[in-house]
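In what follows, a single structure is set out as structure tokens and then discussed.
The values are calculated or read from the model by the stated rules, or taken from the named source; none is laboratory data. Just so it is clear, the structure is predicted and the values come from calculations on it, not from any experiment. FYI the Cβ positions are ideal-geometry reconstructions off the backbone, even for glycines, and counts take in every protein chain you see.
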Amino acid sequence: MPTEDISSNGAYDYLLDLLLETNDKEQLSEILEALLTDKEQQELVNRLKIFALLHQGVTQREISARLGVGIATVSRGAKVFQQHQINELLPNISDKLKV
């Protein structure tokens, strides 16, 4: 079964529209809690922390030790950090997240 490009998926577009229209933090939290398991939520938090620490110039090994995640998790985050210019997409992330 071929994998569908997520950006052309109606469900993904629905989610993006829903998130754009939701300006209540509590409601956004409820949506994410309904959509993501506890583990997925923690992975998302870890990804954001990895971005913040990379932005601060912390080494991948140090990030792995600080967050208690595998080096492969940090390496995947570092790859995304570079590919998607996270500094521009998530400005001030290292200031906002005190890690």
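What the table shows:
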{"quantity": "Residue in region 71-85 that is at positive phi and among the polar types (S, T, N, Q) present", "calculated": "yes"}
{"quantity": "Unmet criterion (only one of (1) closer than 21 Å to LYS98 by Cβ; (2) in a helix (DSSP H, G or I)) for VAL69", "calculated": "(2)"}
{"quantity": "Condition check for PHE51: of a type in the set (Phe, Trp, Tyr) and closer than 24 Å to SER29 by Cα", "calculated": "yes"}
{"quantity": "Residue within region 41-52 that is modelled with pLDDT of 95 or more, within 17 Å of SER94 (Cα to Cα) and among the basic types (Lys, Arg) present", "calculated": "yes"}
{"quantity": "Filtered residues of region 72-99 (kept if closer than 15 Å to LEU48 by Cβ and not in a helix (DSSP H, G or I))", "calculated": "HIS84, LEU90, PRO91, ASN92, LEU97, LYS98, VAL99"}
{"quantity": "Region 1-40, residues that are assigned to a loop (DSSP other than H, G, I, E, B) and modelled with pLDDT of 90 or more", "calculated": "THR22, ASN23, ASP24, LEU36, THR37"}
